[in-house]
């Protein structure tokens, strides 16, 4: 304070109980890998505590595990054509493939999903499911959560991938060109009809994967879509997907992932004039669930 520092807006990071006076002196105490005594105090006071483990060099298990997860995706995708031919229903075939990959892929990844508010996933469908995008593993998480009768909105680069592009096309994925706003808006228009025909949509409102642990700004497109289709928005808050697969990483590691599914937000009374207010409200729901404040600085994620 003698040099004019505003402690109420300062951060202090520590792993030990001996630094408690300093943690108490700042407005943003951040225990990291805290010892037992500090962990107990952090829980009691509601401090945002984080625990990290060194990912190190991937071992044999991680390499095999990663191969099995990706292999499970293509194994599940191979079910689509024969199931489609036998049942004469492409949607049933896609539902089976998504459910299979969601269950087996999660098990092979060693990903233990702890879901709060799971009933909101099924209470009102079709719906626009919004999720914060932290990691490439989010695709597997969403598959495990939603299971059936949904499609997604994805970047155009996926459509151009010769391996996964055809699979996503069969699943009715809508691809958008993030570099061309006019094309992106045009490609989203048919999504309203998709919703009205009973198929839900999963989309990351940030528009891209975040490079930090902070929630990014929300695009208005998903909110306009939900409003025009007259369907609810269901927020899916993913807390620590990067523990399984960091942004920029490749190898999958076993971890527990905590997910909050928030109550549906109804859109029947929305209008174009009020949509900005609703975007801010839903984003505030995410921020509250994530324990983030608008003034909290971003911290880059590990890519190891």
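The values are calculated or read from the model by the stated rules, or taken from the named source; none is laboratory data. Bear in mind that the values here come from a model prediction, so they are computed numbers and not experimental data. Every residue, glycine among them, receives a Cβ derived from its backbone with ideal geometry; neighbour counts consider all protein chains shown.
Quick look at the values:
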| quantity | calculated |
| --- | --- |
| Any hit, region 266-281, residues being touching a helix residue (DSSP H, G or I) at 6+ places or on another chain (Cβ under 7 Å), within 20 Å of residue 237 (Cβ to Cβ) and either at pLDDT below 95 or assigned to a loop (DSSP other than H, G, I, E, B) (or both) | yes |
| Given (1) surrounded by 17 or more Cβ atoms within 10 Å (Cβ to Cβ); (2) touching a helix residue (DSSP H, G or I) at 6+ places or on another chain (Cβ under 9 Å); (3) within 22 Å of residue 178 (Cα to Cα), index of the condition residue 216 fails | (2) |
| Selection status of residue 129, within 19 Å of the chain's Cα centre (by Cα), assigned to a strand (DSSP E or B) and over 26 Å from residue 255 (Cβ atoms) | no |
| Extreme residue, modelled with the lowest pLDDT, among residues of region 17-66 that are surrounded by 14 or more Cβ atoms within 10 Å (Cβ to Cβ) and assigned to a loop (DSSP other than H, G, I, E, B) | 55 |
| Residue in region 163-180 that is in a helix (DSSP H, G or I) and in contact (Cβ under 8 Å) with a residue 40 or more places away in the chain present | yes |
| Filter result for residue 194 (in contact with a strand residue (DSSP E or B) (Cβ under 8 Å, 6 or more places away or on another chain) and assigned to a loop (DSSP other than H, G, I, E, B)) | no |
| Selected residue (only one of 135, 116, 187 is modelled with pLDDT of 95 or more and in the same structural domain as residue 228 (by TED's automatic domain parsing)) | 116 |
